[in-house]
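Before anything else, here's the structure in question.
Readers should treat all values here as calculations from the given coordinates under stated rules, not as data from a laboratory. Note that the structure is a prediction, hence the values are computed from the model and not measured.
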C-alpha cells in the first residue's frame, strides 16, 4: 500500500467540504473576492470559522478550489463543438448551451467574471494552459468552416467573445434583466435568431 496516498475523506468530511464550497460560492458571487470574509462563509455554511480552517487554509484556498472546479465545467460547452457536425447547428448548439449555463449557474458566472475583472490573479495559469489552446483550436475550426463557405465570414475570435458577452449577460446582470424583462422572456429565441442571421452563409 502506498504510504503517501491521501487518506479518503469520510462522508461527513465530503459533506462539510460541499457545504463550505457552496456557501463560499454564494458569498464570493455576492461580495467579490475582496469583499468576502471567512466569517461570512462560515455563517452561510452553518459551520464555525475553525471548522472552515480545518478543511481549507484560508479564503484564497477556498476561492482557488472553486475556480479549479469551475474551469472544467465552464469549458465543456466549447469542447462539445464537433468538427464533423453541421457548422451552423454546432454554433447554435454551443450558444444554446451557454444560455443554459447562464440560467443554471449564475453564481458561477459571477465568480468567473469577478476573477477576470480583477486581472485573473488566481486563474491566469488556467487561462494559459486550459482556455487558450481550446480557444485557438475552436477558432481554427470556425475559420475552416468560413473558408469553406459553410458559415458567413467574420472574425472567429471576436465571434466567440460576443457569444460569451451576450450569453453571460443574463447571469451577471440578472438583477437588471429581472427588473426590465421578468423571467428573461424570449431571451433564447432572440439570441439564437441574431446569431443565426449573422452566421448563415
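Per residue, how big is the convex hull around the C-alpha atoms of the chain? Give it to me in cubic angstrom, could you?
Residue-normalised Cα hull volume stands at 160 Å³.
Could I ask something else about it? Given only helices, namely DSSP H runs of n ≥ 4 each adding -39500 (n - 2.57), what is the per-residue ellipticity at 222 nm of the chain, to the nearest 500 deg cm²/dmol?
Taken over the chain, the calculation gives -23000 deg cm²/dmol.
Give the relative contact order (percent, whole number) for the stretch 1-56; include only Cα pairs under 8 Å separated by 6+ residues.
Relative contact order comes out at 31 percent.
Give or take rounding to whole Å, what are the principal axis extents of the alpha carbon atoms in the stretch 86-201, in descending order?
The principal-axis extents, from largest down, are 41, 37, 18 Å.
Could you tell me, in Å, what Rg and Dmax come out for the Cα atoms of the stretch 1-56?
For the stretch 1-56, the Cα-based Rg and Dmax read 13.4, 45 Å.
Quick check: the distance between the Cα centres of the stretch 50-105 and the stretch 159-192, to the nearest angstrom?
Their Cα centres are 17 Å away from one another.
Tell me the relative contact order for the chain as a rounded percent, counting alpha carbon contacts under 8 Å between residues six or more apart.
22
Any chance you could list the semi-axes, whole Å, largest first, of the equivalent ellipsoid that the Cα gyration tensor gives for the stretch 44-101, using √(5λ)?
Square roots of five times the eigenvalues give 38, 11, 6 Å.
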